[in-house]
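Report on the following structure.
Just so it is clear, none of the values below were taken in a lab; they were calculated from the coordinates. Owing to the predicted nature of the structure, the values given are computational and were not obtained by experimental measurement. No Cβ is skipped: glycine too gets one built from the backbone with ideal geometry, and neighbour counts run over all protein chains shown.
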Amino acid sequence: MLIAILNQSTLVSNADIATMTQAIAAQVRLDVAPLWDLAPAAVIFYTSPKDVPATAHGIALVDTIKDQPKGVLGFHTEDQGGKLWGVVAAKPELDNGGKATTGDWSVSSVLSHEVLEMFIDPTATCGPTTGTGRRTASRCATRSRPRPMRSTASRCPTS
């Protein structure tokens, strides 16, 4: 799996996104993949969408998400063709005292959350269902941690 990170935000620099991506790639490779017995995903920052391979799944960092419900800082989904994509909004974290790369409520922690969920439970099939029957995302990636905690949800296939 290749997860491409793209910066479409005016609030976070490419240098900060590159730093975030390197840290998240190490988190996936050293902590998360071994914990879940998975081959590590490649997590790579691209400065231009045209450089992203067609086989990649993508997460874009944006300033805000249009029609974003209160409290939603990011999400990922699957399109009709099976391509995974997601967005992370930087402005809500920054407007509430968060920083780009440090702290529990940083832009980096939200990006890590989305990358880890996309990697471990790409179609959000491991999480519990809501009262409407809709599945919620696995709680595998509540926050970025030096040593991620194993989800209490049962293991689900991620292919």
Calculated FRET efficiency for the pair LYS50/ASP104, C-beta based, R₀ 22 Å, to 0.05: 0.05
Loop trypsin sites (Lys or Arg not before Pro), the stretch 48-92, which have at most 12 other Cβ atoms in a 10 Å radius of their Cβ (DSSP): LYS66, LYS70
Chain lengthening between ASN14 and ASP95 when straightened (0.36 nm per residue, less Cα-Cα): 27.2 nm
Cα gyration tensor, the stretch 1-53 - rounded (a/c under 1.5), prolate or oblate: oblate
Length gained when the stretch ARG29-GLN68 is fully extended (0.36 nm per residue, less Cα-Cα span): 10.9 nm
Relative contact order (%) - the stretch 2-141, alpha-carbon pairs under 8 angstrom, separation at least six: 22
